[in-house]
Amino acid sequence: MEQQILLQAKIAFFLGNFNKVLEIWQQNDHDDDYYYFLVSRALIAARELKPKTIRLTKKPSSKLLEITDIVSRFMGPLIEQQKSDTTVDEDRKQIEDVLKKLKDIIPQQNQKMIQIICAYMSVNSCEAQYALQLDMPKDAFQQELLFLQFMIYLRGRRFDLAESTLLDLRRFDDEDILTYLAQIYLNLYNGQPEQAYKSIQETKDRFGDSSKLMNLMITCLIHQNKFEEAFELGQKVKTLIIDNEQFSDRQEIEVCLSNLIILCELLNKQQQKEEYIQVLEQINKSCHFLKRYQEKVKKIEQLS
C-alpha cells in the first residue's frame, strides 16, 4: 500500500498533475524521504501559484516542513542565480559551496537529497557529471538522477550516451513513468515526431492524460507541420490549466502559452498572439521563451 502511494504521487508529479500530488498527500500518511521530496515541490508551487482548485487542510509533518524548506532554499534561488556564461570550474565551485551548506543543515538520514539538489544545479549549469559521480543506492532518488543525466545528454546532442542511459532506466524499471517520458524525448530530439506521438499515446494509455502529455503532442504536431490541429489542442490545454485553473506545473503553463504564441505567428493570428503574450507576461515575465521572443522581435524591428 505504501509503495502504491509513492508510485501514484510520482506518476502525478512527473506528468505535471500537482493537484493530484497534493490530493494523494492529504488523503494518505506515508513516511518516506522521496515521497516528501515530491510533495514538497508541489507545495512550493501551490504557495507560488495560489491555485483556487485545491484547498490544503492537512498540516505538514515536521519532516515534510524541513524538506520543503531545504528544497525551497536550494532548488529555487540558487538554481535561478546560475549564469549561463560560467566556466566548468566556476560551476563546480558553486556546487561544492552548496554541498558544504547542505551537509551542515541536512540530517544524516536525508543525505540523498544533497545529490539530487546538486544534480538539478548541474543540469542548469551543464555540469551534470560532477554531481552524478556521487554514490547513491538504487532507489527512487537514483532513478530521478538517471533521468536528469539522460536529459543532459539529449540537450548536448549526445544521443549515444542518452540511449545508453535510457537502457539504464529500462533496467531500473521498464514500466516507470520516467522511462516512458525518456523514450518520448529521445524520439523528439532524434527528429522522429511520428514515433514520439505514438510513445505519448502509449504513455497516456498507461498512466492517463495530463497537460504535459498534451503539450508534448502539440510539439509533435508542430514538427509535422499540422499547425491547425496543434493550435486546437493548444487551446484545449489553455482551457484546462489556465481558464479552469487546474493546478499544474508552472512549466507546463508556460510551454502551453509559448506553443500558442508560435502557432499564432505561423497561422497569422495576430490578435490572439498578443493576448497570449500578455497572459504569459503575467505568469512569468522572466520566462526564457519570452526573453528569446522579445529579442527576436527587437532584431526584426532594427532591420526593418
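Every number here is computed from the coordinates shown, using simple stated rules; none is lab data. Note that the coordinates shown come from a computational prediction; the quantities given were computed from them, not determined experimentally. Note that we place each Cβ from the backbone using ideal geometry, even for glycine, and neighbour counts take in every protein chain shown.
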- Message: Based only on Cα atoms, what mean projected area does the convex hull of segment 1-69 have, in nm²?
- Response: 4.2 nm²
- Task: Treat each spin label as a single point 7 Å out from the Cα along the C-beta direction, and report the residue 209 to residue 192 distance in nm.
- Result: 2.6 nm
- Query: residue 251 versus residue 289, label points 7 Å from Cα toward the beta carbon: distance in nm?
  - Reply: 1.3 nm
- Note on the structure: Ranked from fewest to most other Cβ atoms within 10 Å of their own Cβ, 256, 264 fall in the order 264, 256
- Coordinate range along principal axes, alpha carbons of segment 209-304, Å, largest first: 44, 29, 20
- Measuring from its Cα centre, segment 1-69 shows a charge dipole (+1 at each Lys and Arg Cβ, -1 at each Asp and Glu Cβ) which, in debye to the nearest 20, is 460 debye
